[in-house]
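The values are calculated or read from the model by the stated rules, or taken from the named source; none is laboratory data. What you see is a predicted model; the values in this text were computed from it and never measured. Here the Cβ positions follow ideal geometry from the backbone for every residue, glycine too, while neighbour counts run over all protein chains shown. The accessibility values were calculated without ligands, DNA or RNA, using every heavy atom of the protein model including side chains. Shrake-Rupley method; radii C 1.70, N 1.55, O 1.52, S 1.80 Å.
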Amino acid sequence: NGFKAEYQLDKINKPSKISTTIEQMFDEIDRLNGVEQVLLAIYILIPPVRLDYKQLKIIHNAKELAANKEPNFIYLDKADNSYISLSEYKGFRFHGTQVTQLPPRLFNIINRFVGDFDDRPYLFMSGYNLPFNCRYNLPFNTTNFSAYVKKIMTSIFNEPITVNDIRHLYITKFAPINANGSTKVEIAKGMGHSVHEQVMYQRLGPPQKL
C-alpha cells in the first residue's frame with residue numbers, strides 16, 4: 001500500500017557510497033582480461049550473490065559432476081548448458097539450491113579464462129600460480145575473498161568497491177522501487193535474499209560532490 005511504500009522510501013533514500021555507476025562497470029568488462037574480467041563479469045552480468053563464489057569448483061563434464069561433493073560449483077559444458085549451482089549460501093533455507101544459467105557473454109569470458117589452465121580446480125584461487133603444495137594455492141574463505149574482490153575493484157575503478165556496493169547498484173538499476181512484483185521476486189531469488197531485504201538495498205545514486 002501507499003503508506004508502506006512511503007515508509008520504505010524514507011528508509012532507503014540513501015546516496016550510494018561510491019561514484020562508479022553500474023553502466024561504467026558494464027563498459028569496463030571488455031577492456032579487461034584474465035581474472036579481473038571474470039570477477040567483474042560474474043558480478044554484474046547475472047544477479048550478484050554475496051561472497052558465495054569464494055569456493056566455486058569447476059566441473060567440466062557429467063563424470064566430474066557425478067563425483068562432485070562441493071556445494072557450490074560452476075558447470076562448464078556448451079554455451080547453452082553451463083551454469084552456476086549454489087547450495088551453500090545465506091538464503092539457502094528459503095530458496096534452496098540456486099541454479100543460474102550462464103548467459104553467452106559470461107560463458108565466453110569464463111570459458112576462455114578457464115581454458116588457459118589445465119587443472120585449475122576452482123574459479124577463484126589465492127596464489128594459483130604458486131607451487132601446488134604452497135598453502136596460498138587454495139580457494140578463498142569469506143574474509144580473504146571479500147578483501148580480494150575489493151582489491152581488484154579498487155584497481156579497476158580507483159575507489160574501494162565491495163560486493164555489497166555492487167549488489168546495491170544492481171538492485172537500484174534492475175529492481176527499482178517501482179518495478180513490477182515478478183521482476184522483484186526474480187531478482188531477489190537470483191541474488192539469494194528476500195524482496196524486503198532487496199527494497200532496503202535501494203540507493204539514490206552516487207554521492208554529491210560539494
Residue in segment 18-31 that is more than 16 Å from MET153 (Cα to Cα) and in a loop (DSSP other than H, G, I, E, B) present: no
All positions within segment 137-191 that are of a type in the set (A, V, I, L, M, F, W, C), modelled with pLDDT of 90 or more and assigned to a helix (DSSP H, G or I): PHE145, ALA147, VAL149, ILE152, MET153, ILE156, PHE157, VAL163, ILE166
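Okay, residues lined up against (1) farther than 20 Å from PHE157 by Cβ; (2) among the charged types (D, E, K, R); (3) open to solvent by less than 30 Å² (accessible area, probe 1.4 Å); (4) not in a loop (DSSP other than H, G, I, E, B):
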residue: LEU39; (1), (2), (3), (4): no, no, yes, yes
residue: ILE42; (1), (2), (3), (4): no, no, yes, yes
residue: PRO48; (1), (2), (3), (4): no, no, yes, no
residue: TYR53; (1), (2), (3), (4): no, no, yes, no
residue: ILE58; (1), (2), (3), (4): yes, no, yes, yes
residue: LYS78; (1), (2), (3), (4): yes, yes, no, no
residue: ASN81; (1), (2), (3), (4): yes, no, no, no
residue: ILE84; (1), (2), (3), (4): yes, no, yes, yes
residue: TYR89; (1), (2), (3), (4): yes, no, yes, no
